[in-house]
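Colleague: Quick one: structure below, then a few questions.
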Amino acid sequence: MNCLKYIFFVTLALFVSCSDDNKIDNIRYYQSEVIDFNVYAGSATGANKIVTNRFDSTTVFISLFELYTTDATILFDEGTVFINQGIIRERSEYRFVDSLLYISTGGVEQYYGRGNEKNLRVRQHYVGYKSTGNTITLFQGPAKDLITLEDAIKSAQKTKVPVGDTIMWVTRVSYFQ
């Protein structure tokens, strides 16, 4: 009987030690929203903020938006992050600083999102610049959590917003759980 108890406890110990406590799960894309739409017009005193209630930012920036599909996933595994967006697959080293996620690609570390390995918000910024009488030129904004007027101007490859010119930007947040 002692031998049977011993075999039972050894078997139980093996099952517990081999259990899937360290199971690695993908987090999956579930929605995106456009936030933080800003428009500034150049004036003699500098760039002045314009009320944006009547503008639809998505009509300007939709061609730049990174399209996540419902099968897009992010997997964190021992210092490596795997980002799967259908046929596009990325593999990078990563680290969290507080709740900010930074990924390293080719030895260059850059901001990617905010959250943790179970719940992540990927923030992407898009900038539009319109010179007097011209169409809007679109730019990818900086890889950072928050964008400022100065960041937007730099992204548009300008040093200021001259009289008659307009600069705008929007942030798109994509949620993964």
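Colleague: For Ile147, are the conditions met, namely being closer than 22 Å to Ile62 by Cα, touching a His at 6+ places or on another chain (Cβ under 8 Å) and buried (at least 17 other Cβ atoms within 10 Å of the Cβ)? Talk me through it step by step, then tell me what you get.
Modeller: Values: closer than 22 Å to Ile62 by Cα: yes; touching a His at 6+ places or on another chain (Cβ under 8 Å): yes; buried (at least 17 other Cβ atoms within 10 Å of the Cβ): yes.
The answer is yes for Ile147.
Colleague: So, one more: Out of the residues in region 62-89 meeting the condition of being of a type in the set (D, E, K, R) and assigned to a strand (DSSP E or B), tell me which one is nearest to Asn119 (Cα to Cα).
Modeller: Restricting to residues being of a type in the set (D, E, K, R) and assigned to a strand (DSSP E or B), the top hit is Asp77.
Colleague: Can you name the condition, by its number, that Thr132 falls short on among (1) more than 22 Å from Tyr30 (Cβ to Cβ); (2) surrounded by 12 or more Cβ atoms within 10 Å (Cβ to Cβ)?
Modeller: Answer for Thr132: the failing condition is (2).
Colleague: For residues in region 118-135 being part of a loop (DSSP other than H, G, I, E, B) and not hydroxyl-bearing (Ser, Thr, Tyr), which is farthest from the chain's Cα centre (by Cα)?
Modeller: Result: Gly133.
Colleague: Take region 136-167 and flag every residue that is of a type in the set (S, T, N, Q), within 22 Å of Val34 (Cα to Cα) and in a loop (DSSP other than H, G, I, E, B). Full working, then the answer.
Modeller: Initial filter on region 136-167 (of a type in the set (S, T, N, Q)): 137, 140, 148, 155, 157, 159, 166.
Next cut, within 22 Å of Val34 (Cα to Cα) only: 137, 140, 148, 155, 166.
Selection gives Thr148 alone.
Colleague: Please list, ordered by first then second residue, the pairs with beta carbon atoms under 7 Å, 6 or more apart or interchain, first in region 21-45 and under 30 Å from Lys118 (Cα atoms) and part of a strand (DSSP E or B), second of a type in the set (Lys, Arg) and at pLDDT 85 or above.
Modeller: Cβ pairs passing all conditions: Ile27/Lys118; Ser32/Arg172; Val34/Arg172.
The values are calculated or read from the model by the stated rules, or taken from the named source; none is laboratory data. Predicted model, so just to flag it, every value in this text is computed and none were measured. Here Cβ is always computed from backbone atoms with ideal geometry, including for glycine, and neighbour counts include all displayed protein chains.
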